[in-house]
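Below is one structure; the comments refer to it alone.
Every read-out reported here was derived from the displayed coordinates using simple, explicitly stated rules and does not represent laboratory data. Keep in mind that what you see is a predicted model, and the values were worked out from it rather than measured. Heads up, the Cβs are rebuilt from the backbone with ideal geometry, glycines too, and the neighbour counts pull from every protein chain shown.
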Amino acid sequence: MTTEPLKREFSFNGIRLPDPNPNLPVEEVRAIYATQYPDVATASISGPEAIAGKLRYAFERAIGSKG
């Protein structure tokens, strides 16, 4: 019997995002994707959730009101 580590996958706003580097912590991955998706910078991170042989993390937008 052999074991393999599960690959990570990220999602934001219904978009699947590949793992840029499996050795990076999730917070650093968020920083990388924040350059392309600015809302990711303030998003909360949920997960991981094992789905279809992958660990899926979700960046969820912070919803709030101004004022």
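Data table
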| quantity | calculated |
| --- | --- |
| Using alpha carbons only: equivalent-ellipsoid semi-axes of the chain, gyration tensor based, whole Å | 25, 13, 9 |
| DSSP loop trypsin sites (Lys or Arg not before Pro) with at most 14 other Cβ within 10 Å: longest gap in the chain | 1-60 |
| Student exercise, the chain dipole from Lys, Arg, Asp, Glu Cβ charges, in Debye to nearest 20 | 160 debye |
| Leu6/Ala31 FRET efficiency (R0 22 Å; Cβ-Cβ; nearest 0.05) | 0.50 |
